[in-house]
Structures are given as structure tokens and as C-alpha cells.
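Report on the following structure.
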Amino acid sequence: MGRPTSKTDLLNAAEANYKELKALIASLSEKELSTPFQFDDSKKEAHWKRDKNLRDVLIHLYEWHQLLLDFVTSNQAGVSKPFLPKPYNWKNYGKMNEWFWQKHQDTDLEEAKVMLDESHRKVMELAETFTNEELFSKGIYQWAGNNALGAYFVSDTASHYTWAVKKIKAHRKNCKAFV
């Protein structure tokens, strides 16, 4: 399935990808859960080095949900807010991701699971409040910039869940290689 371009596609993809993520997590062995993430240096993106375990991945998703929820609800209430909080922007948001990582080093895995379930539910409920046109027509919300609002929802749900699944599967493959 391609990137969602309608409300129905967004909701279906987000739920399907979240269900896949949850099933993958449930299938992890104790060894896979207890082995720190370790990826080879051929993976250049910063997140391959940043995230050390499943908790880190789940917290990353949770924190991006928080960004979306705050962005949409603040702007809907007339409080102008960019998607990324100051001093971050699309050139330096990696530093923000590092801050999220640091902020949650005392959060345990079970707490991270609960936090993510709750934030996923809130994001999906918020998405439901918009019409297809409101989500996928550019220019409806000036505060969404050059993007349709739905692009933020797609990126923070379906696409981000796919990223997490790939990362967890790569970790699982590494665990099998070290047997």
C-alpha cells in the first residue's frame, strides 16, 4: 500500500501498522528484549546509533505523537505553534530526538508500552474529528504550512510505525546472527 491520501486510508494504515508493531513486540523473546540494539556502521542515519532498546523506539513514537497532538490542538485553539518546538527545525531535529531519548532513560519498557498505547489512541481519536477534505486538501489550515494536515498524521502514525517495525526486525535478525 502506498502513502495514504484519504482519511479512510490513513485510519486503516495507521491501525494496521500499529497492529503489526504490537504483534511484533508481543512475539519478541526474552533474549531479543534483553539484548541491547547493535547495528553495523553501514547504517548511517543517527537513529541506528541513538536507540539502544525497544523502550527507546517506543518512546520515540510516543514523543512524536505528543508533538502532533500539541501542534494540532494548540493551533485549533488559536495558539500559533510550529510542529517542532523551538529551538528545533527540520535541519536540527535530530538533536530533539536525542533530547527525547535522554528524557526517558528512567522510563521502563512496560511504562513506554502504556504511554504509546494511550498516545496512539489519542492521535487516532483526533484524526477522526477531521473530514477527508480537512486532512488531505492543502491550504485548509494555514498553520499546516505547505502540507495537508493529513501528512502530519501519516508521518506520525503509519509511516513511523513502519520505521519502528523495520528497526525491530533488524534487531531480531542481529540477535539470531549472534547465536
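The values are calculated or read from the model by the stated rules, or taken from the named source; none is laboratory data. Source: prediction; values computed, not measured. Every residue, glycine among them, receives a Cβ derived from its backbone with ideal geometry; neighbour counts consider all protein chains shown. Just the protein is used for accessible areas: all its heavy atoms, side chains included, with ligands, DNA and RNA removed. Shrake-Rupley method; radii C 1.70, N 1.55, O 1.52, S 1.80 Å.
Extending each Cα 7 Å along its Cβ direction at Lys91 and Asp108, get the distance between those two points in nm, one decimal.
It is 4.3 nm.
Please report, largest first and rounded to whole Å, the three semi-axes of the ellipsoid equivalent to region 54-146, where each semi-axis is the square root of five times an eigenvalue of the C-alpha gyration tensor. Write down the numbers at each step before the final one.
On the way: eigenvalues 132, 61, 20 Å².
Those come to 26, 17, 10 Å.
For Ile140, what accessible surface area do you get with a 1.4 Å probe? Give it in Å², rounded to 10.
70
Given q = 0.10, 0.18 Å⁻¹, what are the Debye log10 I(q)/I(0) values for region 1-115, with equal point scatterers placed on the Cα positions and solvent ignored?
Normalising to I(0) and taking log10 leaves -0.39, -1.20.
For Glu20 and Leu126 in the same chain, what is the full-extension length gain: residue separation times 0.36 nm, less their Cα-Cα distance, in nm?
Gain on extension, Glu20 to Leu126, equals 36.0 nm.
Using alpha carbons only, how many degrees (0 to 90, rounded to 10) separate the axis of helix 7-27 from the longest principal axis of the chain?
20
Using a 1.4 Å probe over the heavy atoms of the protein chains, calculate the carbon and sulfur portion of the accessible area of region 66-179 as a whole percent. Before the final figure, lay out each step's value.
Working: 3450 of 6490 Å².
Summing carbon and sulfur atoms, their accessible area is 53 percent of the total for region 66-179.
Once both axes come from the Cα atoms, what is the angle between helix 109-128 and the longest principal axis of the chain, in degrees from 0 to 90, rounded to 10?
With rounding to tens, the tilt is 20 degrees.
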